[in-house]
Structure formats: C-alpha cells, structure tokens
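Here the structure comes first, spelled out in structure tokens, and everything after it is commentary.
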Amino acid sequence: MSFDPITIASVEVGTSKIAVILAEYSGDGFLIRGWGECRAQGMRKGVVVDYAACSQCTAQALEVAKQNAEAESIDRAFLALTGGHVQGFPSEASLAVSSPDNMVSAREVSQLRQLALAKELPEGRTLLQSLRRPFRLDGRMIRNSPEHLAGRRLELGYWLMHGDQHLISTAMHMVTSSNTPVVEMVPSSLCSGRVVTSRREREDGVLVLDIGAGTTDYVLYRYGAPYVAGVVAVGGDHLSSDLTTGLRLSVGQGDRVKLRHGRATVQCRDKAQRVWLDGDGAIGDRQLPLVSIERILELRVRELFEVVHQSLGEDFSPEHCAAGVVLTGGTSKLPGIADVAAE
C-alpha cells in the first residue's frame, strides 16, 4: 500500500546546540532530506532556563532544516530529551502459571505485563519509555514471548524512564510553537545508543556514554535491547569550568585551553613545561603549566565515569558487557578519555 510522503523531524535540544534532521517517509523507508543546527541559548545542563531564547533557537534550527530540505512544513516530530531530571527505576512482577499442564497462556503474559507496569511514578513525573527486560520462566531467560512454554513461575521486569512533567512540557512547547506537532518523546541516550552500536554489540552487551556539554546520557544494552538508561548532569562544560577556576582564567578561556591543550590523563612529566594562552580584554597573554591542565581534567573525567558507574549500580558488570564501552558526544574527542574509560 502506498501513500503520500510525509516529512518527519528528529529534534534534539541540547546544552550547546539544537539539532534537527528532516526525513521523508513514503512507506518504503526513510530518505534524509536536510538538517539544521543552531547554537543553544537559554540552556543549562540540558534544561531550559530561558524559554524565549531557547525557543527562538529551536525555531531557527527547524527553519534551516526546512530550507535545506526544501520542505514547506513538517508533518510530525520526534523529540529527544536529556537533562538531569530524566531518571529511571526497575519495576518487576511475577505470577504462578495457573493451567493444569503448566503451559503459559496469552492471558497470563498480558496480566504479567500489566503488573510489571503498575508501579506508580513519583508525583510531578511523566513516563518517557518502558524498557522491557527478558521474561524468566522458572529462572530461565526467555527473550521473546513465553506463551505456550511450560513452567511454574513467570517473571518480568521493566526499566521505567521518567522526567519532570513541567520541564518536558516546556521542551515540547518549544517545538510545537513552530507549528511542528510532537508525536513522541525519546530519551537522547536511546537515540545515540542505537546509532553508534551494531546489532552484534547490543547482543553481546555494550555500554554507550554520550558525553555532551552539560550532561552525560548513558544506556546499557543486554541481550540486544536497552536494559538501563539515564542521565548524569556532568559534561564537557564542567571540565572547562574546572580549568577556569583552577587556573584563574576568565569566562571562555577555560574552554579554549581544554580544546587546545586538554587531555584526560596526565602525560606531561616536566613540571616546567608551559603553554601559551592568548589574552582577552580582562587578562593578558600568559603561560600555563601543562601538567596542571592535564591534572585538573583527569580528576573531573575520572569523577564523571565514577558517577556513571554508581548510577548503573549492580546492573553493570564486565561479564554482561563483552562489547565494551562506546564513547560519543563532543567531549569524547578529548585525548586520552578512552584510556580512562577502559580503566
């Protein structure tokens, strides 16, 4: 069956930039038609703090994408969400198989799904995604439906991702105010994780860290599907801020030092080695000890990975992560950061 092509937008409102990709869907697949980008204003740690400024940037990114795609309008949009308010928790349920022959029925599968999803969210929260984990039948893992299999006890768990309803509503309104209807919201971690990993890696188990400017989005894959996902409010801006404070730099200079001379591990062994920093209106040209730059950055990078590790808790273990860790996002370009992650 064929139908008229529709224009779909993928929108991500991040701390440092707002990105839009437009695709045409005609029933046979997607055709990328254009993209737009705008430097974010009014964002902090993935959260809108100045609606007017951020809304204007969002509208500009959408308009640039439409111009590049030669599209008059956007039929629907998918909004990728980040921010420290995006959290998750496990919700599990079990039931005894009731049939005389111990055969799992469709009714019991449906009942178990409802029980596993019945846990209430905290007040003021909105459900974003329900990540289903494998079924277990008498302790045996069942990836697909356990219907018509024999057993005595059936178990199922979900990882429920939720966010602050007011912050989510604000992010949605920034897109819908540009006459672009939002049909679904997706945590950014799931978007980036799907793009940067292969099916084999997801089957083997892989952890993806998307290290942006204000946040780090993470998703752990097990058995081919997302198992745990979340956000920690630490990103590349924190590295720049540490340099600004530790080296007594002006605003903006910390970021330039990070980009020009930054490294996630201390490689410099000569304490006398220095690098030049071009001055600005507040501070003149000066030399900075390279070892101090690297030491400040290493401390923060190690702290970042430790915070993610604590957020994952017992769900992360090397035996369930055979494909390793994949780093993406702007801060992943910092030299030496992969070595710290490997440790």
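The values are calculated or read from the model by the stated rules, or taken from the named source; none is laboratory data. Computed from a predicted structure; not experimentally measured. All Cβ positions, even for glycine, are placed from backbone atoms using ideal geometry, and neighbour counts span all protein chains on display.
Just a few scattered comments:
- Among the conditions (1) surrounded by fewer than 16 Cβ atoms within 10 Å (Cβ to Cβ); (2) in a helix (DSSP H, G or I), the only one that Ala171 does not satisfy is (1).
Yes/no matrix, rows are residues, columns are (1) of a type outside the set (D, E, K, R); (2) at positive phi:
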site	(1), (2)
Glu70	no, yes
Ile74	yes, no
Ala77	yes, no
Gly83	yes, yes
Glu92	no, no
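- Selected residue (criterion: nearest to Gly252 (Cα to Cα)) from residues of the stretch 183-222 that are polar (S, T, N, Q) and in contact (Cβ under 8 Å) with a residue 12 or more places away in the chain: Thr215
- Restricting Ala171, Ala213, Ala229 to residues that are hydrophobic (A, V, I, L, M, F, W, C), under 30 Å from Asp315 (Cβ atoms), under 20 Å from the mean Cα position of the chain (by Cα) and at pLDDT 95 or above narrows the list to Ala229.
- Matching residues in the stretch 151-168 - criterion: being exposed (fewer than 13 other Cβ atoms within 10 Å of the Cβ) and part of a helix (DSSP H, G or I): His166
- When residues of the stretch 174-193 are limited to those that are out of contact with any Lys or Arg (no Cβ under 7 Å at 6 or more places or on another chain) and either among the acidic types (Asp, Glu) or loosely packed, with under 15 Cβ neighbours inside 10 Å (or both), the one nearest to Thr126 (Cα to Cα): Glu184
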